[in-house]
1. Would you check which residues across the range 138-152 are surrounded by fewer than 24 Cβ atoms within 10 Å (Cβ to Cβ) and not charged (D, E, K, R) and list them?
2. Could you check the range 371-419 and list, in sequence order, the residues that are assigned to a strand (DSSP E or B) and over 26 Å from Ile349 (Cβ atoms)?
3. Looking only at residues that are acidic (Asp, Glu) and within 30 Å of the chain's Cα centre (by Cα) in the range 402-424, which one is modelled with the lowest pLDDT?
4. Part of a strand (DSSP E or B), at pLDDT 70 or above, of a type in the set (Ser, Thr, Tyr) and over 26 Å from the mean Cα position of the chain (by Cα): does that describe Thr626?
5. Would you mind finding the one in Gly356, Gly367, Gly333 that is in the same structural domain as Val208 (by TED's automatic domain parsing) and touching a Lys or Arg at 6+ places or on another chain (Cβ under 6 Å)?
6. Would you confirm whether any residue within the range 679-694 is part of a loop (DSSP other than H, G, I, E, B) and modelled with pLDDT of 70 or more?
7. For the range 148-158, give me each residue that is touching a strand residue (DSSP E or B) at 6+ places or on another chain (Cβ under 6 Å) and under 15 Å from Asn173 (Cα atoms).
8. Just to be sure before I move on: is Thr546 assigned by TED's automatic domain parsing to the domain that holds Asp600, under 15 Å from Lys633 (Cα atoms) and not in a strand (DSSP E or B) in the structure I sent?
Amino acid sequence: MILTQDILDKIEELRLQYPNATSIGFGKKQSNGVETGEFAIIVGVKEKKDISVVPADELIPVEVIVNNQSLKTDVTEVYANFVLGTCSSTCGNINAGPSNAANRATVRPIQGGTSMSSRNNNNSVGTLGGIVRHTDSGCTVGLTNNHVAIDDAFFTSARDVNGVLENDYDPVNRVYQTGELGPSTPTSNNFGVSLRYVPIHPSSTGLVNQVDAAIFSIDESAFSISQSWNQVGLESILGNSAPPFASTGELDNLLATNPRLYSSGRTTGAKGFVPDCPMTVHATGVSIQLSYSLQGVPTFCQFNRAIAFIKPTQEEPNAQNPSEVCPYPIYRGDSGSFLLADINGTIKIVGLCFAGSENAQGVALIGYACRIDDVADQLGIEQYVDTASTAGVMVDPDTIEYITIPGQSDEKFILCENEEYWQVGFTGSLEANCGGNTTTTTTTAPPTTTTTSSSTSTSTSTSTSTTSTSTSTSTSTSTSTSTSTSTSTSTSTSTSTSSSTTTTSTTTAFAMTWEFEGSDPGTTKSWRESTLEIFKNGVSVVGPVTFDPATPTGSGTFSVSPGDKITQSLETDNNPASYPQYALHEQYKGSVSGGVSLLDDDAGFIAAGASRTSTLSLLNITATPTDPKLQYKVVITAASTSSITVDIEDAWDAASPQYVSITDTTDSSIGKFFEKDANTTSNAASPYTNEYFQEGHVYELAMSYKRSSAGDDNTIFQSAVGAGASLVSDTTTGTATALIGPITTTFSPTNVGSGPITITFTQTSP
């Protein structure tokens, strides 16, 4: 079962109904502290009490209705939540991993997972999460939490003009690493400048946040194309290339796939490895309230859509009760660290860690991360790609422009002379103004806030000449004393020849066509209905338009101009109650040359009776294309659930590669989607459900076994049957102390409507 908008809406409904709950999210029901595999709404309370003493209006119902279906609830103890950034240099002795010494050292070239701070927020220390790419400029930048890099990251509309006036432009907020020495850190440790952040709303506004994130520039002297993308302590799992961002579909499906998680932070070091406690997903779509500093005053803020993670014990890998898991999956000072997951054999970035929960004794038991797709959408970034043509393009801090505008602001960015300027705080004097008309764009409609960006100055050199193009990073500040101000500077230099180009923006509108194509339900057996909605600058201009089997196509036009930003939402329903489906949402765009090129896709399974929503790529209208066209396509493949039984006795031998696995050989992007180490505690007669198989795909089963001590010969067996597949099986017998197998079998489901697939792995002694 995947996280859907209906489930998120139910979580929000319960949050408003039960304001004293410490957390509410989508997880798995527990019995005696161990997950049952049954999906549920998990409600955290400060203290779990007997039902007889709980007031009637505070009782959590045993089940709730989501999209006309019943979903059980579960209540667990979550004592208190905290923001991770409130860490001085003295709080770093917590070490839940092998070591955090490397994380707290000065590392050059810089790498993710290391200690950092900023000059404007130098009394606390956090973590340099990692390297990303600023979408519009193509520049390589660093990513962390806004509460690590920014002293006061609230919208200026929430601040008191008579209070402390903080901003990021005067003095320029420089970031440094390591952050251990605080204000006394030498300036030689500076390696960049704060560029932008997503401001946050206090709870009093009624608005909810999804993202605690900021980006900063990186000096060329502190950066390496081949090394800076790595994570301290996680080198062995990352291999030779930078980890990609997980897709929206993969994030929605985290609870069902339950991948192993990893993270590297300043305080708790590198985590997720055996023999330390592994890390797993506890819940998704989590809503929590946190206290942030607003002009020095603790102020509550509401966050939702978060990923909750824990460290179950090796002995009980399915343990979910926060009171019975390993401590410190996260702690203060780990703010801004990446949360990574092994998704089908590929390590991907799934979130940005920003908060945690602790018990009454102050021991952290749960970590929280912002979803990486929300971070990318609201901050205007994308995954880093370590190619020389793109990765070496850095921000020139000398070309950053600042403006000031009168009054407070509730806008993440404004348009001034057709340039985007991002809010960076308050100043006490009105030094200049925009110099032209300003346009405000609302940014208070989470979680689908329009992705925005600023351009940056880039410099490319050859042996003969250097060309510097000043395309300045634009940042804005709201200021106080009933006015707000900012300054503007932009420079461009060259060593040999230089050129500068002035671009005149046009406001001439033109027609953008859109086309929709749905799958043939006669061949896919499952598709019933899809709904498309297109937004221009956050305002709906098309739809929502619904397409069904009778009308699987559609088209139309809407008006756009250069500078407009187009986003879209595409939802597909799965009406049959008998089987799930695999949905691929594709978005194409017409190129300026008149051809059509793939821009974005998002895929994932939809449970029976559920739906899937994709928010596809942002399209920035920068010029009038020769073929202004958007095309959307929904491709559906019928799928079947499986019941997987693993029954392996006395199998654990750390020296041997013993495992059971299921691999999709048809789709390499899915690859190995089920794998279990053959150890006694996790595999003795353990059933697993809600694994999905696509019709027509070929799947390979594999199994090997080795007993650690002498004994009788052993037989290993595996089989698959169901969904139109003929019975396949394989078996072999061998000496207990020798490696038996691997044995492999393949099968292909042909008629998923006929019923579920049953997979069996067993080991027995004669």
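1. Result: Gly138, single match.
2. Those that are assigned to a strand (DSSP E or B) and over 26 Å from Ile349 (Cβ atoms): Glu401, Tyr402, Ile403, Thr404, Ile405, Ile414, Leu415, Cys416, Glu419.
3. Of the range 402-424, the ones acidic (Asp, Glu) are 410-411, 417, 419-420.
Narrowing further to those that are within 30 Å of the chain's Cα centre (by Cα): 410-411, 419-420.
On the way: Asp410: 90, Glu411: 91, Glu419: 83, Glu420: 86.
This residue is Glu419.
4. So Thr626 does not fit the description; no.
5. Gly333
6. Scanning the range 679-694, I find no residue that is part of a loop (DSSP other than H, G, I, E, B) and modelled with pLDDT of 70 or more, so the answer is no.
7. Selection gives Val148, Ala149, Ile150, Ala153.
8. For Thr546, the condition - assigned by TED's automatic domain parsing to the domain that holds Asp600, under 15 Å from Lys633 (Cα atoms) and not in a strand (DSSP E or B) - is not met.
The values are calculated or read from the model by the stated rules, or taken from the named source; none is laboratory data. This is a predicted model, so every value here is computed, not measured. We place every Cβ from the backbone using ideal geometry, glycine too, and count neighbours over all the protein chains shown.
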